[in-house]
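Q: Submitted below is the structure of interest, expressed as structure tokens.
The values are calculated or read from the model by the stated rules, or taken from the named source; none is laboratory data. Keep in mind that what you see is a predicted model, and the values were worked out from it rather than measured. Using ideal geometry, Cβ is built from the backbone for each residue, glycine included, and neighbour counts are taken over all protein chains shown.
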Amino acid sequence: MKNGPIGIFDSGVGGLTVFREIRRLFPYEDIVYFGDTARLPYGTKSPETIVRFALKNINFLKNHDVKVIVIACNTASAVLLNLKKKFRIPVINVIEPGARQALLFSRNKKIGVIGTESTIQSRAYEKALRRYNPSAKIFTRACPLFVPLIEEDWVKKPETKFIVKRYLSALKATGIDALILGCTHYPLLKPLIQKEIGREVKLIDSAREVAKELDEVLKTKRLPLKEKGLPRDRFFVSDLPPKFRKIGERFLGRKLGKIQLHRL
Ligand code: DGL
């Protein structure tokens with residue numbers, strides 16, 4: 001098999017949290033990242049619409065000869081998991097690694113999940129958590145305003161602090177000791193979320209676990225690895241590259257290079 005790049009997609013900048021961990025674990029691999037910024041947010045849309053978007057993104061990445069695809073978006077992962085669709089190349093979702101990690105860290109097995117409306121409605125996290133531990137107690141909360149606030153670069157605004165408080169107040173009363181950040185955008189709000197939910201609650205950001213899962217998949221499927229040379233990153237978005245650059249560079253703490261516009 002050809003040693004193609006790793007493909008990653010999300011609806012916007014959120015997937016860069018996953019990109020960062022994958023880059024850390026695979027310093028030489030070439031990566032193609034696609035942010036579907038024209039159709040963001042996914043989390044307020046119906047499963048049928050999200051599946052349609054996700055399949056287009058998968059095809060776009062396949063056209064770049066990727067050897068594996070990481071769905072760096074909980075919303076798309078959730079609907080595709082429910083669909084149980086098979087692809088010709090390995091496609092990794094972010095839900096299962098996050099659920100496993102939460103169970104590992106939680107002592108009282110009371111676990112909170114926050115995510116987009118579609119992710120919460122899909123019950124994908126509940127299903128995954130119960131599959132690994134049928135007696136786990138799960139408390140969920142959709143936080144639909146988080147993604148637009150992050151995409152607008154409003155993370156440091158007082159309004160955002162207030163909204164985080166409003167969304168998390170009921171969860172705080174449940175006694176959870178682990179909270180799954182069930183949206184790849186949410187790590188950008190980590191300090192605020194941690195402050196509001198309390199230091200004793202472990203925040204689960206599945207990005208690192210997903211990178212480990214990718215390592216497993218590459219090894220078990222005996223896919224070729226790039227172990228030397230300069231890595232090549234290519235970034236594509238379906239709208240507004242400058243906006244993606246602004247938040248993306250601030251978040252990654254480095255320049256993003258060329259960001260290509262690809263209207264799907
Ligand atoms: N970052 C995504 C997720 O993990 C998508 C958010 C959205 O587009 O609504 O769910």
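Q: Which condition number does LEU103 fail, the rest of (1) within 15 Å of the ligand (Cβ to nearest atom); (2) within 30 Å of LYS137 (Cβ to Cβ); (3) part of a helix (DSSP H, G or I) being met?
A: Looking at each condition in turn, LEU103 falls short on (1).
Q: Do we find a residue being within 29 Å of ARG166 (Cβ to Cβ) and assigned to a strand (DSSP E or B) anywhere in the range 81-99?
A: So far as the range 81-99 goes, no, none of its residues is within 29 Å of ARG166 (Cβ to Cβ) and assigned to a strand (DSSP E or B).
Q: Right, next: Quick check on the range 191-211: of everything there that is at pLDDT 95 or above and among the basic types (Lys, Arg), which residue is nearest to THR160 (Cα to Cα)?
A: Among those that are at pLDDT 95 or above and among the basic types (Lys, Arg), it is LYS195.
Q: If you don't mind, there's one more thing I want to ask. How many residues are out of contact with any strand residue (DSSP E or B) (no Cβ under 9 Å at 6 or more places or on another chain) and buried (at least 24 other Cβ atoms within 10 Å of the Cβ) if we restrict to the range 54-103?
A: 1
Q: Which is away from the ligand (no atom under 11 Å from the Cβ) and either surrounded by 15 or more Cβ atoms within 10 Å (Cβ to Cβ) or within 28 Å of ARG232 (Cβ to Cβ) (or both), of ASP36, ASP30?
A: After ruling out the rest, the residue left standing is ASP30.
Q: Something else now. Under 7 Å by Cβ, and 6 or more places apart or on different chains, what pairs join a residue from the range 158-182 that is more than 17 Å from ILE111 (Cβ to Cβ) with one that is assigned to a helix (DSSP H, G or I) and not aliphatic (A, V, I, L, M)?
A: VAL164/GLU196; LYS165/GLU196
Q: Okay, next question. I'm trying to understand the selection: among the residues of the range 229-250, which are within 15 Å of ILE22 (Cα to Cα) and among the aromatic types (Phe, Trp, Tyr)?
A: PHE235 - this is the single residue of the range 229-250 that is within 15 Å of ILE22 (Cα to Cα) and among the aromatic types (Phe, Trp, Tyr).
Q: From the list LYS84, LYS110, LYS127, LYS137, which one is more than 11 Å from the ligand (Cβ to nearest atom) and in contact (Cβ under 8 Å) with a residue 60 or more places away in the chain?
A: Answer to the selection: LYS110.
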